[in-house]
1. Run down the lysines and flag those whose C-alpha is under 26 Å from the C-alpha of Lys52, throwing out any fewer than 8 positions away in its chain.
2. Is there a quick way to get the dipole size of the chain? I mean about its Cα centre, with the Cβ of Lys and Arg at +1 and of Asp and Glu at -1; what is the value in debye to the nearest 20?
3. Using a 10 Å cut-off around each Cβ, can you sort Lys278, Lys151, Lys52 from fewest to most neighbouring Cβ atoms?
4. Give the order of Val180, Val59, Val192 when sorted by the count of other beta carbons within 10 angstrom, beginning with the fewest.
5. Going by amide H atoms built from the backbone, whose H comes under 5 Å of the H on Arg175, apart from near neighbours?
6. Just want the answer: with Cβ charges of +1 for Lys and Arg and -1 for Asp and Glu, which residue in Val212, Thr122, Gln191 is farthest toward the dipole's positive end in the chain?
7. Return His109, His229 ranked ascending by Cβ neighbour count within 10 Å, so the fewest neighbours appear first.
8. Amide H to amide H under 5 Å from Asp6: which residues, 5+ apart in sequence or cross-chain, H placed 1.01 Å off N in plane?
Amino acid sequence: MKVLFDTDIGSDIDDAVCLAYLLANPECELVGVTTVSGQPAERAKLASVLCKAANQPGVPVVPGAEAPFSGRQRQPLAKQASVLPRWPHESRFPRLDAVDFMAETIHSHERQVTLLAVGPMTNVAALFKKHPGVAGSLNGLMLMSGRFGPKPPSARADHEWNVYCDPVAADIVYRTRVPVHRSVGLDVTLQVQMEEQAVRARFSAHPGLLPVLDMATVWYQDAELMTFHDPLAAASLFDGRVCGFQRGRVEVDTGSGVTSWTRSEGGAHEVALTVDPKRFFESYFGVFER
């Protein structure tokens, strides 16, 4: 599967966990990485660290949008960039417009590329606005975005962070018709968590995860658990039994950033309503053991 990965790596640790999985997965051809949100160039450097660690330095990495469509920047810093001095990485990136790069990559592989977007949807919305024909040229769109079921006990707010950081962009993305338009939201991602001690034990056994473990030291300064939000969306691309999806219609409140979902057989969106945590962890760590 050809995957184009749009990420705000450097904030929550799960982006790095997700990218390491994509790079290790023999069923994935990573055709590019674009970064979004504050300090996109620093985020690109972090992505470069993982590409080099996975012996895939040729994967194109392009810094994207820094500012949201509207409102203030809610994550101005890529805090995990503090680990960069300890890992080889690129410091210069192609002077390309990230949106044009995304469009060119998609059009060059007509109906073959799946766009996996796991950060604020600024780049994706800009792509659909600037290149309106590109949505129909995708194989599919997978988002780590929103919340569609009852509020999980561990959810801190009614909104989900990626949507909250740029709700106008999210609204544009959900209003755009794509051949397959899927979302994995907080209701299911909060069911795939791991405590720090278990993370250290599992990640230290795999060279491709060692830089992620280093980045996690920054994450654990403010957190106790690792939640596999983004990796769950990625694993769902390759294992159809990890999540159960239902069709309906997603709407975004552009003021609050809250998403709502209505079940509908003719709806344009599919959202994950169930997850098999055991199968997810088997799928995730399995790619590092092949």
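No lab work stands behind these numbers, since they all come straight from the coordinates. Model, not experiment: these values are computed from the prediction. Please note: Cβ atoms are built from the backbone with ideal geometry, for glycine as well, and neighbour counts cover all protein chains shown.
1. Partners found: Lys2, Lys79.
2. Charge dipole of the chain: 240 debye, to the nearest 20.
3. Lys278, Lys151, Lys52
4. On the way: Val180 13, Val59 20, Val192 23.
In increasing order of surrounding Cβ atoms, one gets Val180, Val59, Val192.
5. none
6. Going by the charge dipole, the pick is Thr122.
7. Lowest to highest Cβ neighbour count: His109, His229.
8. Here Thr34, Leu116, Ala117, Val118 satisfy the definition.
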